[in-house]
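Shown next, in structure tokens, is the structure this report addresses.
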Amino acid sequence: MKLLERIERHLKETHMSATRFGRRAVGDPRFVLDLRMGRRPRRRTLEKVEHYLSEFHRD
């Protein structure tokens, strides 16, 4: 599953806004909006997002 698809699913499941996710995950409130417009994140940014998602979905 692509990163943006995973983020969109997370937003839907948690009822979180895109700006809140971006701010919490990578410190950039425009992050998800930019991804939707075709932004390609750097490896370190991807690592931050992966870490945020894994911590959030930990059981």
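Out of the residues in the range 13-59 that are farther than 12 Å from LEU3 by Cβ and among the β-branched types (Val, Ile, Thr), state the one that is surrounded by the fewest Cβ atoms within 10 Å (Cβ to Cβ).
THR14
Looking at the structure I just gave you, is LEU4 of a type in the set (A, V, I, L, M, F, W, C), open to solvent by 50 Å² or more (accessible area, probe 1.4 Å) and either at pLDDT 95 or above or out of contact with any Pro (no Cβ under 6 Å at 6 or more places or on another chain) (or both)?
Yes: the conditions hold for LEU4.
If the Cβ limit is 9 Å and pairs must be 6+ apart or interchain, which residue in the range 30-59 that is acidic (Asp, Glu) pairs with which residue that is not in a helix (DSSP H, G or I)?
From the range 30-59, the pairs are ASP34/ASP28; ASP34/PRO41.
Are there any pairs with C-beta distances below 6 angstrom linking a residue in the range 1-27 that is under 17 Å from THR45 (Cβ atoms) to a residue that is of a type in the set (Ser, Thr, Tyr), with the two at least 6 apart or on different chains, and if so which?
ALA25/TYR52; VAL26/THR45
Out of ARG24, ARG39, ARG6, which single residue is in contact with a helix residue (DSSP H, G or I) (Cβ under 9 Å, 6 or more places away or on another chain) and not in a helix (DSSP H, G or I)?
Only one candidate passes the filter, namely ARG39.
The values are calculated or read from the model by the stated rules, or taken from the named source; none is laboratory data. Small disclaimer: the values here were computed from a predicted structure and weren't measured. Glycine gets a Cβ as well: all are built from the backbone with ideal geometry, and neighbour counts include every protein chain shown. The accessibility values were calculated without ligands, DNA or RNA, using every heavy atom of the protein model including side chains. Shrake-Rupley method; radii C 1.70, N 1.55, O 1.52, S 1.80 Å.
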